[in-house]
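What follows is one structure encoded as structure tokens, with my remarks underneath.
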């Protein structure tokens, strides 16, 4: 008759992009005559922040403030091809395509500026605030707006760019499984603390501490959204969710949210997250993608924490109170392990 | 706010950036909080009709007869669509990248293979009138034997679910019913091990349950084209799938989306667009096909269940010498994307650890349930659950701290992985160290000094010559064989008297042997 | 099917529409009035994405018959911003990054507003209770709870 606490951990990596590659994305970037840029994509924002990170990548590459960039998606008439938003590929594939397009557009913009200022293009730099000036002589400057007008109406240049990013498709050896699945991987380690009620089998989350390595956090608030939300989904997978409670018997599938359980706002716990950055050589500014990685470490960490708390191994998901209680009873009672 | 450890790997980064790394407000946040973000269902079209489908009540049955006469006369019904009306009524999603055979109808014709499979679509003035018409459709079914368990489905003599794959497994490389990983020699590794641990893990299917259900609105547009507002996660994937199913040039379709109320992998399958477009083509009116919540929970693709068997051979110093997997993906009645997941899973094995001998068989198996599809972590989530639970058990077996056990086996730059590629850009060790520090989980100093970059002690495997058959080794009588029934060591401060020893866990059945089976398959070079 | 005339106040404005018997308030708001802020998430009263206020109380508009709101005052997320400034809740959601896909957000805002209008200084537990009928699949709720608490701490608040 006790609530017993235990801690467990897990560590893992996650491949970035569609397995084996062969999943390209394209991007188009162009400026209007007043120096405001549009990124045209067919990529989808499911809430993960696709529109936002591609906007920042474009602004950084162009050398303009993010307020001067707008991401337009998704319209198949105006957006170039994108494979889609899945497999943690968005930041990496679409981000790289946007960089390539923005680089081309920037090249034209700098050429146009060089012509206006009558200098070599190699002598110019952007200040990230909407101006282009001579290196070491910031007073010799022109706004990106004026460059755009000049390019459009005097010089006859298009300040625009196209980009595609493709990891070439890998073969798979039928006998050995030799293959190139991905060019980079994200990493994670997570510690979960749970409290198990040995009378009801209920498992409550106490806290989580985690470290994720993501190449580069393009926007720390968006990364936080994914890692916190993903960990919640991991708890949900571990302790609550199933459309087949008697799998492989398909009967009694849930029909609504009263029957398909997920943790509510009263079931969450504090989650302290640290992000490490080891840039992927082929990631945009080294970025990988946290979108799927974030849910995975939680499930085994919880199972391992339950073992630490009461000494039972839960090898089948979801870990319902019934399963915990049956295991405790089969064992002859809770057997707390050494505190970790 | 999360913490950024800029000090780690600092010499590999140039942090001198202006927009990157800033906590810039989302481009769509203002739209979200003012409720002005536009989702597919936020388009109001004049004269829009509503499409709902009749779904099979049987998990496996022949369709003998469909009687639509009463339904056609039902008030508000504009058009009823049958399988024969669908120009190309057999498809598999990955045919777009030349992987797999067409096996799934948009509307079932002679057979249904899962409970909930769509058979007939009704287009009516209102959703209510569509439902009332559906209730008037009469179908004569001849129920067939079912199979719901992946291991039952593999047995000879099991009911054939999907005639495209008569042995109930997807075919890999034209010849195998599973994807193989063969790296080193696991039998030799097991023979050299001090402990063997063989365990079984099961992950349930998972419902994506985004707050916005799947759906699309298709409408005739000017110039003979069709505009489609859609919740898809993959705009061109869906557009090209519809172009194929409806046998129209792709530039006849104008897909608009990009803002979706959650997806998590459940909005790739393009379930509503082919029928909503076909409805618009056949009625000349806008047609909305929106999946209801009960419909989505019961009949729309979940994450597929996975059953995973892991057998490990481990030395008493904590090094894993050999790891063997048998992974069984439950694809449900049709392939969709599970065939790809099995290969992704194989690529992921044995986890981020350097193990010199790895053997795996990964199956994509058909059963009489709702076809599975991608979900967050596709191909990896379940096997990582299995691997990390296994790692915890192994650590316990050799009496090692779980964190230190991970660090002993962690992969590092330059290590050879089981799919025969060198590890690069690794960071598992640093993640473990930082997490341990955050959680005040004590690890010994020499473990705190380890690095993904430096060499550590222990076997560093390189790509071995290919091994066609495992080499059987006679085990010496004195070698310790340990199964996972060892009582846990007593806690430092016992709280209560030690309970009686638990009964040993049942051993999983040994993997059945099977021969290579010849099929024709299209897994060759992909079309560009 | 005969239609019933229906008059009520929608975000402070008198409106008059015709509804079919059995039409939900959600459908009436979205399809007859053109207010797309309440969302269809389940139609079963299970997710809260359709939450609106009827005379200040939060209700699930997908299982509320339109005919039952005759003469009442309906508030939706569309009516939160009445001028150039965001409602404090909206501003707090922005500051706390409390939305990802955004689909649950209108319902969350109305559930939070119902709490605020009764209790301008709620505790964390009271906030959790107020939003417990609203499902979010993306954020894990922490940022939403923080946003509602932050809005409560703002010194200026409109009536």
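Things to note:
- Computed [θ] at 222 nm, helices only, for chain B once each DSSP H run of length n ≥ 4 contributes -39500 (n - 2.57): -6000 deg cm²/dmol
- In terms of other Cβ atoms within 10 Å, A:1, B:403 run from fewest to most in the order A:1, B:403.
- Averaged over peptide B:436-449, the number of partner chain Cβ atoms lying within 10 Å of each residue's Cβ comes to 3.
- C:37, A:143 arranged by Cβ crowding within 10 Å, fewest neighbours leading: A:143, C:37
- Under the simplified labelling scheme, the residue C:32-residue C:86 pair shows an inter-label distance of 3.3 nm, with each label point 7 Å from Cα along Cα→Cβ.
- Chain A: calculated mean residue ellipticity at 222 nm from DSSP helix runs of at least 4, using -39500 (n - 2.57): -8500 deg cm²/dmol
- Mean Cβ neighbour count within 10 Å, used as a protection proxy, ranking B:18-29, A:298-309 highest first: A:298-309, B:18-29
- Rounded FRET efficiency, nearest 0.05, which uses the C-beta distance separating residue A:78 from residue B:25 and R0 of 35 Å: 0.90
- Inter-chain neighbour count for B:226-232: the average number of beta-carbon atoms from partner chains within 10 Å of each residue's beta-carbon is 2.
- Centroid-to-centroid, using Cα positions, segment B:366-386 and segment B:1-40 are 30 Å apart.
- Percentage relative contact order, segment C:1-144, counting C-alpha pairs under 8 Å, at least six apart: 24 percent
- For segment C:4-79: relative contact order, % (alpha-carbon pairs under 8 angstrom, 6 or more apart): 38 percent
- Using the average count of surrounding beta-carbon atoms within 10 Å as a protection proxy, the listed peptides A:55-67, B:81-93 rank, highest first, as A:55-67, B:81-93.
- Whole-Å distance, taken between Cα centres, linking segment C:76-97 and segment A:254-286: 26 Å
- Mean separation of Cα contacts under 8 Å (6+ apart) over length of segment C:88-158, as relative contact order %: 51 percent
- Cα→Cβ-extended label distance, 7 Å offset, between residue A:143 and residue B:222, nm: 3.6 nm
- Proxy reagent accessibility, fewest Cβ within 10 Å first, across B:330, B:446: B:446, B:330
- Angle of helix B:235-246 to the longest C-alpha principal axis of chain B, folded into 0 to 90 degrees and rounded to 10: 50°.
- Annotation for segment C:2-40 versus segment B:52-80: alpha-carbon center distance of 32 Å.
- Considering only beta bridges that DSSP places wholly inside the protein assembly as shown, some 75 percent are antiparallel.
- For segment B:9-104: rounded, prolate or oblate by the Cα gyration tensor [a/c cutoff 1.5]: oblate
- Using alpha-carbon coordinates, inclination of helix A:220-239 to the longest axis of chain A, degrees: 20 degrees
- Convex hull volume of the Cα atoms of chain B, normalised per residue: 219 Å³.
- Inter-site label distance for residue C:4 and residue A:326 at 7 Å from Cα along Cβ, in nm: 4.9 nm
- Principal-axis tilt of helix B:428-438 within chain B, Cα atoms, nearest 10 degrees: 80 degrees
- Legend: mean number of C-beta atoms from other chains within 10 angstrom of residue C-beta atoms, peptide B:281-294, equals 2.
Taken together, the values in this text are just the output of simple stated rules run on the coordinates, not laboratory data. Here the structure is a predicted model, which means the values were calculated and not measured. All Cβ positions, even for glycine, are placed from backbone atoms using ideal geometry, and neighbour counts span all protein chains on display.
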